[in-house]
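Student: This is the structure I want to talk about, given as structure tokens.
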Amino acid sequence: MSEYSPTWCTELYGILIHPRELRILMLWGAAGWSLPQMSLDQAVWEADVGKVSEAMRLALGVEVTTLRYASYSVSEDAHQIDAIYVLESHNPAWEPQDGAEWVGRAALADLPLARPEHRALVAAHLAEAESGQIPEHRPPWARVGWFEQAAAWTQSELARLGYSLTAPVEQIKSWGISCILRAHTASGDVYFKAASSLPLFAHEPAVMRGLAGLYPDHIPAPLSIDEQHRWMLLADFGAPIEWDAPVEVQEEMLRLYGEVQRDAATRVGDLLAIGCLDRRLERLAAQVDPLLEDTATLASQLDAAEIERLRALGPQLQAMCAELASYAVPHTLVHGDLHLGNVARSAGSYLFFDWTDACVAHPFFDTISIFQAKDPNVQARLRNSYLGVWAAYEPIERLLEAWKLAKPLCALHQAVSYQHIVATLEDTSKPELASGLPYWLRTLLQSLE
């Protein structure tokens, strides 16, 4: 008998502002006035804006794109998601159906709402539109007018490259750190990506162009780049190998990636020149104190006992950075977020993508998938396959010592990344990635215990 898997339900609501006036679309129903709404028998996660836009297009009968979510809540027990997304219409002449009205902030105050808890959120959105004061950290793709600009650039570049569009450019994914669009063409799908300019994010289009020049068989080259906006177009290179890949596939992938890293260790100057960030061990050691002294961030994520334990470990972590640097394994190319969802298999080889965290650091920091393997036998097998790539630098006994040192420092490296990411997200987007920092700090503590 198969295990029962309950069906998720998502209640989607849309805040659609009038294209020329400061009014919000509201619909009349038996229970009162409501935002445009659609129920879906599936989970729609925060970044699934393609699903949101399509659902709202069907609900309203007009082409819309999704800018961002204004509210998002999940009930794990009930398998229920309630979400309110901010929408942008792309047809200024469109008039809503009967039973719908454009409502301003003054009228909203007395309007009988089917969901009264939505009133404050809608009023806040109207107040922001009236003031014109957009939060500093709101990403470009969450702002009115951006999609049309990005879609126009995509269409223009595809035409220049000889691609023929077979459907309008569409949204796929959007969240605080990046946005992905898709263009269906007669020659296959092409993907547009824009990524944030966060402090520890590399200029991904430039980095991918440079890395593809060095390793064309393993890193996909952008078809086109807009340097100023950090935009790029990538041809479809197949689906990721994903988390349930057989251990033999993971071994093969890790060996190949290790060989790329081994070669890249001789090209550190080139890596820095193309835009990989310098995150070598001495820099990691210097980031320990700023991380552990970030009282406000730590207190919002950890309890007092965890913070005390972490701060007591500060000198030890700095000493461990120096100790790991004393091994002969060199600094090299580090992806920064290498997991099985960021690797695809194409033409008999592996392609590594999503290089926003690209840097020069210790190579073992890219073995998250090995550190997280739950089966000790599988973990040892993957570890030994990967470490074999570095056998020319140290005997296996010393490689295993370095590996043990690298595990907590890998967690530290990731914690520093999340500290910087969350600090520069818009407040409403912080929950998307807020769990990363406490997860890696607790992983650090566990690895030292």
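Student: For helix 314-325, report the angle its Cα long axis makes with the longest principal axis of the Cα atoms of the chain; keep it between 0 and 90° and round to the nearest 10°.
Tutor: Tilt of helix 314-325: around 60 degrees.
Student: Another question, if that's okay. How far is it, in nm, from the label point at S73 to the one at E394 when both lie 7 Å from their Cα along the line to the Cβ?
Tutor: Distance between label points: 5.0 nm.
Student: Can you tell me the accessible area per residue over region 168-295, all protein chains present, probe 1.4 angstrom, in square angstrom?
Tutor: Numbers: 5420 Å² over 128 residues.
Here the per-residue accessible area is 42 Å².
Student: Quick one: which residues, 5 or more positions from S187 or on another chain, have an amide H under 5 Å from its amide H? H modelled 1.01 Å from N in the peptide plane, none for Pro or chain starts.
Tutor: S164
Student: Still on this structure, please answer the following. Taking the DSSP beta bridges in the chain as the whole, what percent of them are antiparallel, to the nearest 5? It would help to have the intermediate numbers written out before the result.
Tutor: On the way: 51 of 62 bridges.
Taking every DSSP beta bridge within the chain, about 80 percent pair in antiparallel fashion.
Student: Moving to a separate point now. Among G14, G99, G314, which one moves the most in a GNM of the chain with springs linking Cα atoms closer than 10 Å?
Tutor: G99
Student: For region 15-105, what class follows from the C-alpha gyration tensor (a ≥ b ≥ c being the square roots of its eigenvalues): rounded when a/c is under 1.5, otherwise prolate if a/b is larger than b/c, else oblate?
Tutor: Values: a/c = 1.92, a/b = 1.51, b/c = 1.27.
In terms of gyration-tensor shape, prolate.
Student: May I ask which of K374/K407; K173/K430; K404/K430 have a Cα-Cα span longer than 22 Å here? Please report the intermediate quantities before stating the final value.
Tutor: Values: K374/K407 15 Å; K173/K430 17 Å; K404/K430 32 Å.
With Cα atoms farther than 22 Å apart: K404/K430.
Student: I want to verify a result. In a Gaussian network model of the chain, Cα cutoff 10 Å, which of these has the top mean-square fluctuation: A206, A167, A402?
Tutor: Largest GNM mean-square fluctuation: A167.
Student: Next up: Using Cα atoms only, what is the angle between the long axis of helix 436-447 and the major principal axis of the chain, expressed in degrees (0 to 90) to the nearest 10?
Tutor: The helix 436-447 is inclined about 30 degrees to the chain.
Student: Let me ask something else about it. Remind me, relative contact order of region 1-139 in percent, using alpha carbon pairs under 8 angstrom and six or more residues apart? Present the calculation step by step, with values, prior to reporting the outcome.
Tutor: Details: 228 pairs, mean separation 40.6, N = 139.
Contact order relative to length: 29 percent.
Student: Collect residues whose amide H, placed 1.01 Å from N in the peptide plane, falls under 5 Å from the amide H of W231; neighbours closer than 5 in sequence don't count.
Tutor: When sequence neighbours closer than 5 places are left aside, the close amide H contacts are D226.
Student: Once the principal axes of the Cα atoms of the chain are found, what is the range along each, listed largest first in whole angstroms?
Tutor: Principal-axis extents of the chain (Cα, largest first): 76, 58, 54 Å.
Student: Can you tell me the FRET efficiency between D270 and T166 if r is taken as the Cβ-Cβ distance and R0 is 30 Å, rounded to the nearest 0.05? Intermediate results must be reported in sequence, preceding the final value.
Tutor: On the way: r = 39 Å, r/R0 = 1.29.
After rounding to 0.05, the efficiency reads 0.20.
Student: Which three semi-axes in whole Å describe the equivalent ellipsoid of region 119-193, each the square root of 5 times a Cα gyration tensor eigenvalue, listed largest first?
Tutor: Values: eigenvalues 201, 26, 23 Å².
So the three semi-axes of region 119-193 are 32, 12, 11 Å.
Student: Quick check for you: with a 1.4 Å probe and neighbouring chains kept, what is the accessible area per residue of region 349-449, in Å²?
Tutor: Working: 3750 Å² over 101 residues.
Each residue of region 349-449 exposes 37 Å² on average to a 1.4 Å probe.
Student: Subtract the Cα-Cα distance of Y439 and I307 from 0.36 nm times their separation in residues, and report this length gain in nm to one decimal. Kindly include the intermediate steps, with their values, before the conclusion.
Tutor: On the way: separation 132, 0.36 × 132 = 47.52 nm, distance 1.33 nm.
Gain in length upon complete extension: 46.2 nm.
Student: Next question. Using Cα springs under 10 Å in a Gaussian network model of the chain, which residue among A120, A423, A411 shows the largest mean-square fluctuation?
Tutor: A120
Student: Treating the angle as unsigned and between 0 and 90°, give the value, to the nearest 10°, between the Cα long axis of helix 146-161 and the longest Cα principal axis of the chain.
Tutor: On a 0 to 90 degree scale, this one is about 60.
Student: Another one. Let me know the charge dipole size of region 201-343 about its Cα centre in debye, to the nearest 20, where only the beta-carbon of Lys, Arg (+1) and Asp, Glu (-1) is charged.
Tutor: Roughly 440 debye for region 201-343.
Student: Between D263 and A31, what's the calculated FRET efficiency when r is the beta-carbon distance and R0 is 45 Å? Round to 0.05. Can you show the working numbers first?
Tutor: Working: r = 64 Å, r/R0 = 1.43.
So, using R0 = 45 Å, E works out to roughly 0.10.
Student: A follow-up question, please. Which residue, chosen from W33, A152, T332, occupies the Cα position most advanced towards the positive end of the dipole of the chain, where the dipole is computed from +1 (Lys, Arg) and -1 (Asp, Glu) charges on Cβ about the Cα centre?
Tutor: My answer, from the dipole projection, is T332.
Student: Give the residue from A194, A423, T266 lying farthest towards the positive end of the charge dipole for the chain; charges sit on Cβ (+1 for Lys and Arg, -1 for Asp and Glu) and the dipole is referred to the Cα centre.
Tutor: T266
Student: Let a ≥ b ≥ c be the square roots of the eigenvalues of the Cα gyration tensor of region 1-159; is it rounded (a/c under 1.5), or, if not, prolate (a/b larger than b/c) or oblate? Before the final figure, lay out each step's value.
Tutor: Details: a/c = 1.63, a/b = 1.11, b/c = 1.47.
Cα axes put region 1-159 in the oblate bin.
Student: On the protein heavy atoms, probe 1.4 angstrom, tell me the percent of accessible surface of the chain carried by carbon and sulfur. Working shown, then result.
Tutor: Numbers: 10290 of 20100 Å².
The nonpolar share, carbon plus sulfur, comes to 51 percent.
Student: Provide the FRET efficiency to the nearest 0.05 for the Q42-D189 pair, computing r from the beta carbons and using R0 = 30 Å. Write out the running numbers ahead of the final one.
Tutor: Details: r = 22 Å, r/R0 = 0.74.
My answer for the efficiency is 0.85.
Student: Moving to a separate point now. Given a cut-off of under 8 Å on Cα pairs at least six residues apart, what relative contact order in percent is computed for the chain?
Tutor: 13 percent
Student: Over all Cα pairs of region 112-253, how is the pair count split among 10 Å bins, expressed in % and running from 0 up to the last occupied bin?
Tutor: Whole-percent P(r) values from 0 Å outward: 10, 30, 30, 18, 9, 2, 0.
Student: From the backbone phi of region 301-308, what are the Karplus-calculated ³J(HN,Hα) couplings (6.51 cos²θ - 1.76 cosθ + 1.60, θ = phi - 60°) in whole Hz, Gly and Pro given as x?
Tutor: With coefficients 6.51, -1.76 and 1.60, one gets 10, 10, 8, 4, 5, 5, 5, 4 Hz.
Student: Go through L387, G50, A106 and say which Cα lies farthest out towards the positive end of the charge dipole of the chain; charges sit on Cβ, +1 for Lys and Arg, -1 for Asp and Glu.
Tutor: About the Cα centre, the residue reaching furthest to the positive side is L387.
Student: Right, another one. Amide H to amide H under 5 Å from I15: which residues, 5+ apart in sequence or cross-chain, H placed 1.01 Å off N in plane?
Tutor: The list, which skips near neighbours in sequence, is Y85, V86, L87.
Student: Additional query: Report the trypsin sites (Lys or Arg not before Pro) located in region 353-389 that are in a DSSP loop and have at most 12 other Cβ atoms inside 10 Å of their Cβ, or state none.
Tutor: Details: sites: K374, R381, R383; in loops: K374.
Hits after loop and neighbour filter: K374.
Student: Something else now. Once you charge only the Cβ atoms, +1 for Lys and Arg and -1 for Asp and Glu, what is the size of the charge dipole of the chain about its Cα centre, to the nearest 20 debye? Provide the component values of the computation, followed by the final result.
Tutor: Details: 33 positive and 58 negative charges, 138 e Å.
Computed charge dipole of the chain: roughly 660 debye.
The values are calculated or read from the model by the stated rules, or taken from the named source; none is laboratory data. Source: prediction; values computed, not measured. Because the Cβ atoms are built from the backbone with ideal geometry, glycine has one as well, and the counts that use them run over all protein chains shown. We work out accessible area using only protein heavy atoms, side chains counted, and drop any ligands, DNA or RNA first. Shrake-Rupley method; radii C 1.70, N 1.55, O 1.52, S 1.80 Å.
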